1. So is B:Arg177 more than 9 Å from every other protein chain (Cβ to nearest Cβ) and modelled with pLDDT of 90 or more or not?
2. Condition check: under 18 Å from the mean Cα position of the chain (by Cα), modelled with pLDDT of 95 or more, under 23 Å from B:Leu181 (Cβ atoms) and surrounded by fewer than 21 Cβ atoms within 10 Å (Cβ to Cβ). Does B:Thr45 satisfy that?
3. Go through the stretch B:119-217 and tell me which helices (runs of 4 or more DSSP H), entirely inside it, have 3 or more residues that are within 21 Å of B:Ser87 (Cβ to Cβ), not assigned by TED's automatic domain parsing to the domain that holds B:Asn95 and not polar (S, T, N, Q).
4. Hey, can you tell me all the residues within the stretch B:45-76 that are of a type outside the set (A, V, I, L, M) and more than 19 Å from A:Gly91 (Cβ to Cβ)?
5. Taking the stretch B:110-141, which residues are modelled with pLDDT of 80 or more, among the polar types (S, T, N, Q) and surrounded by 13 or more Cβ atoms within 10 Å (Cβ to Cβ)?
6. Check whether at least one residue in the stretch B:190-201 is surrounded by fewer than 22 Cβ atoms within 10 Å (Cβ to Cβ), under 15 Å from the mean Cα position of the chain (by Cα) and within 10 Å of chain A (Cβ to nearest Cβ), and report yes or no.
7. Inside the stretch A:11-92, counting only helices (runs of 4 or more DSSP H) that do not spill past its ends, which hold 2 or more residues that are within 8 Å of chain B (Cβ to nearest Cβ)?
8. Within the stretch B:1-42, take every residue that is under 21 Å from B:Met180 (Cα atoms) and hydroxyl-bearing (Ser, Thr, Tyr) and give me the one that is modelled with the highest pLDDT.
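The values are calculated or read from the model by the stated rules, or taken from the named source; none is laboratory data. Keep in mind it's a predicted model, so treat the numbers as computed, not measured. Every residue, glycine as well, gets a Cβ built from its backbone with ideal geometry; the counts of neighbours run over all protein chains shown.
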Amino acid sequence: MSSNLDNGEAVALGDLTCREFVDLVTDYLEDALDKQTRARFEDHLVDCPDCPVYLRQMEAIVGAAGLLREEDLSPEVRDVLLSRFRTWRNGG
Amino acid sequence: MSTNESQLAGSPSRQGPPDIESGLIAGLRRGEESAFETLLQRHHTSLVRLARVWVRDASAAEEVAQETWLAVVQGIHAFEGRSPLQSWIFGILANKAKRRGTRESRSRPFSAYDSDADRDDLRGMSPDRFVPPGEEWAGHWTYPLADEESCPERHVLAEEAGGFILRQIDELPGRYRSVMLLRDVHGLTADETCAILGISAANQRVILHRARTRLRITLEPYLREGANCVEQLG
């Protein structure tokens, strides 16, 4: 892939720079790019050796955020809330 | 991978399958403590974390979360299920926390949420990561990101750097934090997030983009070096 950088093919990369690609990543993942920009984005993805890594890193980070575990509810807070619940459900 | 697939895989919703959710709603309507406790275990800590976006301190956030539960218990009979239960509960929390934040802001100069509109402290990638204009390959990476094999899987990243990621999210200015918590951590849709926060779709995307870009920048040492640098990330 890095041979792209020293032959004529690499000119295709110039249509969208990596810097522009980075700015468009979220709009791409949100499916918010217009058709033409999306095509340019995907062309860049094919031609560039680095930006596919960037996109995958972003997807991994977003995916990891969705797997985060909040701390467990403390037993004390749970007991307080459950005892309130008993009052609330009786219209208290 | 198509965009839709990656969105689905990237934002697993925290709410269970619809039949489990409707079971919880029915249980809560019948006043069943077990249904309420399940919801507490699922959402209470998240509610307190989200409330901190608007309110002054941890005890205020805890109170707002408790008021939210009262509203949930009282409102569950009228809940029509137009949005998922989780989204409805977060919406109640956000309204209560915003109101409380507004009250608090009378006694302090800025609300944390509004003031970051004036602070552009979430810059994107540093310009020196890219070849400067005028040079050959202007706008392209100045050095390779990493080789493809080194890109971590999401579950590995969550397991190894989860605590770090959560702390980084907590450090984001309020509106970035609220969008990232709702979208990426809790898996709400863009529409649900916009409705809860009262922002436009375009604004939501801009905020989300800046928050994700910031998170990636702080994780960069990990993305390059792997798990053995997580402790140093602090």
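1. Here the answer is yes, as B:Arg177 does meet what is asked.
2. yes
3. Output list reads B:174-180, B:190-197.
4. Narrowing the stretch B:45-76 to residues of a type outside the set (A, V, I, L, M): B:45-46, B:49, B:52, B:54, B:56-57, B:59, B:62-63, B:66-69, B:74-75.
Across the stretch B:45-76, the qualifying residues are B:Thr45, B:Ser46, B:Arg49, B:Arg52, B:Trp54, B:Arg56, B:Asp57, B:Ser59, B:Glu62, B:Glu63.
5. Listed by number, the list is empty, since nothing qualifies.
6. Looking through the stretch B:190-201, at least one residue is surrounded by fewer than 22 Cβ atoms within 10 Å (Cβ to Cβ), under 15 Å from the mean Cα position of the chain (by Cα) and within 10 Å of chain A (Cβ to nearest Cβ).
7. The qualifying helices (runs of 4 or more DSSP H) are A:18-29, A:51-66, A:75-89.
8. B:Ser13
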